[in-house]
1. With the contact rule set at Cα under 8 Å and sequence spacing of 6 or more, what percent relative contact order holds for region F:48-159?
2. Using only Cα atoms, find the angle between the long axis of helix E:180-192 and the longest principal axis of chain E, and express it within 0 to 90 degrees, rounded to the nearest 10.
3. Taking chain F as the reference, fit the longest principal axis to its C-alpha atoms, fit the long axis of helix F:133-152 to the helix C-alpha atoms, and give the angle between the two in degrees, 0 to 90, nearest 10.
4. Would you tell me the accessible area of E:L250, worked out with a 1.4 angstrom probe on the heavy atoms of the protein chains, in Å² to the nearest 10?
5. Just the accessible area for E:V46, please: 1.4 Å probe, Å², rounded to the nearest 10?
6. Keeping all protein chains in place, calculate the accessible area per residue for chain B (probe 1.4 angstrom), answer in Å².
7. Using a cut-off of 17 Å between alpha-carbon atoms, which aspartates and glutamates can reach F:K53, once sequence neighbours fewer than 8 places away in the same chain are excluded?
8. Normalising by the residue count of region D:3-258, find the relative contact order in percent from Cα pairs under 8 Å and 6+ residues apart.
There are 6 protein chains.
Amino acid sequence: MHRLLITGAAGGIGRVMREKLAPLATILRLSDITDLGTAADHEELVTCDLGDKASVDRLVDGCDGIVHLGGMSGEAPFSKIMHANIAGCYNLYEAARAHGQPRILLASSLHTVGFYRQDEYFDATIPPRPDGLYGVSKCFAEMMAQMYFDKFGQETAVVRIGSCFEHPRDQRMLATWFSYGDFASLAECVFKAPRLGCPIIWGVSNNDACWWDNRKANFLGWRPKDNAGEYRAHIEATVPPPDPNSASALYQGGPFTEKPIYEDE
Amino acid sequence: MHRLLITGAAGGIGRVMREKLAPLATILRLSDITDLGTAADHEELVTCDLGDKASVDRLVDGCDGIVHLGGMSGEAPFSKIMHANIAGCYNLYEAARAHGQPRILLASSLHTVGFYRQDEYFDATIPPRPDGLYGVSKCFAEMMAQMYFDKFGQETAVVRIGSCFEHPRDQRMLATWFSYGDFASLAECVFKAPRLGCPIIWGVSNNDACWWDNRKANFLGWRPKDNAGEYRAHIEATVPPPDPNSASALYQGGPFTEKPIYEDE
Amino acid sequence: MHRLLITGAAGGIGRVMREKLAPLATILRLSDITDLGTAADHEELVTCDLGDKASVDRLVDGCDGIVHLGGMSGEAPFSKIMHANIAGCYNLYEAARAHGQPRILLASSLHTVGFYRQDEYFDATIPPRPDGLYGVSKCFAEMMAQMYFDKFGQETAVVRIGSCFEHPRDQRMLATWFSYGDFASLAECVFKAPRLGCPIIWGVSNNDACWWDNRKANFLGWRPKDNAGEYRAHIEATVPPPDPNSASALYQGGPFTEKPIYEDE
Amino acid sequence: MHRLLITGAAGGIGRVMREKLAPLATILRLSDITDLGTAADHEELVTCDLGDKASVDRLVDGCDGIVHLGGMSGEAPFSKIMHANIAGCYNLYEAARAHGQPRILLASSLHTVGFYRQDEYFDATIPPRPDGLYGVSKCFAEMMAQMYFDKFGQETAVVRIGSCFEHPRDQRMLATWFSYGDFASLAECVFKAPRLGCPIIWGVSNNDACWWDNRKANFLGWRPKDNAGEYRAHIEATVPPPDPNSASALYQGGPFTEKPIYEDE
Amino acid sequence: MHRLLITGAAGGIGRVMREKLAPLATILRLSDITDLGTAADHEELVTCDLGDKASVDRLVDGCDGIVHLGGMSGEAPFSKIMHANIAGCYNLYEAARAHGQPRILLASSLHTVGFYRQDEYFDATIPPRPDGLYGVSKCFAEMMAQMYFDKFGQETAVVRIGSCFEHPRDQRMLATWFSYGDFASLAECVFKAPRLGCPIIWGVSNNDACWWDNRKANFLGWRPKDNAGEYRAHIEATVPPPDPNSASALYQGGPFTEKPIYEDE
Amino acid sequence: MHRLLITGAAGGIGRVMREKLAPLATILRLSDITDLGTAADHEELVTCDLGDKASVDRLVDGCDGIVHLGGMSGEAPFSKIMHANIAGCYNLYEAARAHGQPRILLASSLHTVGFYRQDEYFDATIPPRPDGLYGVSKCFAEMMAQMYFDKFGQETAVVRIGSCFEHPRDQRMLATWFSYGDFASLAECVFKAPRLGCPIIWGVSNNDACWWDNRKANFLGWRPKDNAGEYRAHIEATVPPPDPNSASALYQGGPFTEKPIYEDE
């Protein structure tokens, strides 16, 4: 690719992908609503409010691929979610439609299925059970991706990201951990595939504990390499086990299932 | 029920349900953004913009059940859909949560699955394939219903309405027709059930031609009585058959699958 | 058939089947542990403790078919269930094996799946979720039937009886009611089928409300005729609706799911 | 339709359809390898060996629809089956491709699944288990239909005919009977559908006993009316029941499963 | 855990687990009906007849976890199976209920599904097909576990043990072998899981040949390490291949499917 | 085995298997319609037209196993396919029936499912969608194998060969590649299995990209070792990527889906 756009590039995952995905394109265009620091030679930095249609249109213009990490990345008042995640998603797909339909890697979330129990095993065709407004907004984004694919042929890799951190942090993440390296190798498969379509892919490493069946995405040839199980002993030694009757032990969404609906400010 | 709220009561279905559902409650509270005419003795008329949170809160206060027909009922610019269907849906669920969680019958739509072909047969657990922004907004509403059920116990009957008219109007409606009488008998089952949960129900009559498996909703004891097949000869005699390669013959969503994304005004 | 054995013939269902199934055989042999009254000309009355192996052997000798209604028909101390339902079942199958393998209609129960929710719909291949010791004993009997079929070719119609009464008695029975007439017509199909195998059949009438998929038993050609829905208005008028959070409204097994483990006397 | 071709029109089903399908077209073109009697005014009679490519090409030229009943209709030496059913099928599809792709109703057979047991219930997506060379040739024809649909858009209704006679003749046909009237009403649905695709449809009446799930063909709006169950008492009274261990009682294909491979003459 | 109970500790698997599971608890309480030898410092030895309710109650008192290997471990007269496996199982669950519901690892068996063919592949939701009275008693125990979980929240890991020996002994065990090491690592996962529920787990190593899908238990994070395939050449060289028409080659339960019903002594 | 027959031994796969399968039998009988070169000491060379029944009968006489690679191995005029693949298949199965039913490894093809998309994932029970006459002839052969198994007990391993070459040659083969070594190890498993039945096995290596679920064949204990993914970088560097809208990128059958029906010469 000549120019790859990463939205939300100042966020936790975005900062890492700014490094790891650089080999995928000549130029990285990085956007966020907050400060992105200093641009390297191969970087373009854009401050952009995703809820602003015209700004998003300019942001997407000239890009050959998009890693869409932007928007609210957790529970928030509905007005903020509607602005950044719902209007933001619409703005992104309209901009892509106007500018040659660059392939999109869309950051969805395990919180689309957060109300399934941790002892349930399923693939991505199961009906969603979002665990809050954030999860609902991610379901909305998935439906937009599907509709733009069916209607206009826009390709998207919908990635339901588990827990994307340096390493797993508690017992639940022994199943949900998604290493940075596996995220990057997935992105490489997504942008190199001759034909992508609009698959839903579980963004999760090759962990011993596993809730999700990713076989329907096997056609991409992606095989995650990391395994949260290597951190099991360390976590059992350092993190108190969760109350077995708490949401952290019961539901895939963990604490999100217990969060309130936040009031608008 | 003492007081049943019908939103969108000035619309095509709303005007009929205003008559047919009157026996279900002592008082019907009817709302719309347009004129509702004159109130009968058992009626309360409320002009309400569903996108206004405070208005919706007042509207729901005091109701024991809600038939939510309001919002944009077809393809529209995204700003209108976001206002009436997305913010409107959030406002409704928040109002219900604040006022005792009255049971909700939510008008969803076949346009949540409009991009499936007409020769496909499935039940409501199949992944959605919405056929436009309207369809996506209905998927959003379904996800809100599921999340409020899982998180707060709010009960909703999600009804994916087919083609709800006096009688079927073309070949596609031989499969999608939902008679007014069957809608009313479904509403009665929904509000009388000792326990409802959050089922998705295909809103369709007992037509000879059938694309949707409703058996997972059999627990409600609802059996539609009307059959579009009785209009088949009439339609074949009076309506030109669709081009077999057109969206009307190919997709369940029919012409919706061909509609553009409307520009905001 | 020349001689049809009905065990448990003094029980609620047994007394009715004593009349209704008389046309199926020249002689009815009727057994129970309690008084069976006076024998009609075509009847043989036998007092029999099913837990006594030798007695059961004599009971089965000479019979061409068996309707096995005997044993504890509800929750009881485990010693009683083990004696009548578990040892009793073993005794029956061993007696059948010794005496020409007469076809058996085995009264199983909805309480084999009592812990599924009332809004779940499934067929008989779903894993059992019994709601008490009685339900577990019925699962045991089903497994015995399957094993004697696989190992020895013994044919059994496993009938998971819903609520077999004169008419439905409460809201739950709008889904579970099994009319006496439908039971009798099922028994006729079972004993007339050229080949039976070992199917599990939901013993339930053609009710508007329906939790169970009986299609895998369609090969028998049995179509129940009665419909609990005809009693809906009467029940809604005369029976208080269940607390929606009670077991009666939540689980298919209804109150059985709340019963304790009874102490042995 | 202007001209409907019926192949195999001198056979058992063909003679009846010659009468019943006349209303579907202005002209019936009737073909067989044996004598077809005298042509009525609306009929064209053609003697044709289906294994002869040029003859089939002429036969199909000018037709708007085809009911393909021709070929060997039961077990036969392989040379005959290869000539009439395999080469014949290829010739028919090539002729259709050359002459405007008239819609085809293809007579397939229950003998494509003859080795399933009579107590199994399934839909048409189950892997075939043909019961002889005839059944294999019907599987071949089904595959040809599917391939010509995928590759060229040729539409075919694959009808797996059960037992198509005046009335059911034995216990097995209580499940497999396909009345002439139901065949004719199915043909009407097939040729009137705005869009057909390439469905597999179980050609069976609305019998009490039922082995096959036809719901995937519901989109056609066809509802069979006849019921072999009305003949049950008559059959039980007049036809000796089959040996329960015989193929007639065990397998869906009945006696076909026991037929040898016939030697070529 | 402070105190882990192992029943059947004098049996083939019990003797090995006495060593391998010692690290899981401060104290091992070991029970059997036969001699257990000499207690080590961390061991408590209890002679116990599982069919005696009071004895089992005392046995379980004070334990934090139970590995239930006790009872008849193969085909036996029904009186013995009823005493040790059926009454024994009831006694164990009642004792657990009385004493704080310690987590249970229940030794079930492949003989719950012994009548499936060796070329069938399935997960643990398939309906059981036990191959004898022993297999039926294990189905009974599984149903008890499920019922105590649904009714009282008692957690059990139901482990369907394949062939648990030092190494595989014949061709069938190339698929069924369960190494001692893999048993022990499974037990560790079972007792360390923050929340267990009541899963059914195939107790089988990571063998090249595999009949059972264990993915629904993936949430435990257990990955078996041993592979019977490493013994394939040795077995092929030293063990005569089974008659392909014998039960050993045909059924998953192997020779158990051919065993008679043993007479009571 | 004493004598293993390989048909099509002069073809691309045949020449390699002539070497690799030699250890499986004392004598290799090799047949083809073209020149087979010089026989080694352990080889018997036979020129044979598979469409000639008597020749095939002599060919099979005395063999203990058959690897059937013969016939047209790609799209061809129907007369050739009918001769070599259809009559040839019938001749082979009749010869096997006459000569002790030696086990058969039948070379089927991915072209039985060539019209599925490359982003679909399924197992071998999915309905075929052949991509041409060649694919249809392979479906025919599969049905023959199933019928001879059901009717006569003839065992066949149906192997749907992907792309069997020295190494993968383009992007599509990253998913379809079947290494020679994995073919040979599969053949060894097939002929050593105590009991084979009639499974359908995907003939594909352990590639990172994967469209087919082979778990139903796990009972054979075969685990492919090679991985086309190791050639990914090389292919991406040397082979131009396919047009994403071409058959090569869209369908599993790749270019076969675009081939015409060849005219007979």
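The values are calculated or read from the model by the stated rules, or taken from the named source; none is laboratory data. As the structure is a computational prediction, the values presented were derived from the model and not from experiment. Note that each Cβ is placed from the backbone with ideal geometry, even for glycine, and that neighbours are counted across all protein chains shown. Side chains are part of the model used for accessible areas, which takes the heavy atoms of the whole protein and leaves out ligands, DNA and RNA. Shrake-Rupley method; radii C 1.70, N 1.55, O 1.52, S 1.80 Å.
1. Details: 171 pairs, mean separation 34.1, N = 112.
Normalised by residue count, the contact order of region F:48-159 is 30 percent.
2. Orientation of helix E:180-192: about 40 degrees from the principal axis.
3. Tilt relative to chain F: about 50 degrees.
4. Here the accessible area works out near 30 Å².
5. Around 40 Å² of this residue is reachable by solvent.
6. That works out to 35 Å² for each residue.
7. Within the straight-line cut-off, F:K53 pairs with D:E263, D:D264, D:E265, F:D32, F:D61, F:E94.
8. With pairs under 8 Å counted, the relative contact order is 18 percent.
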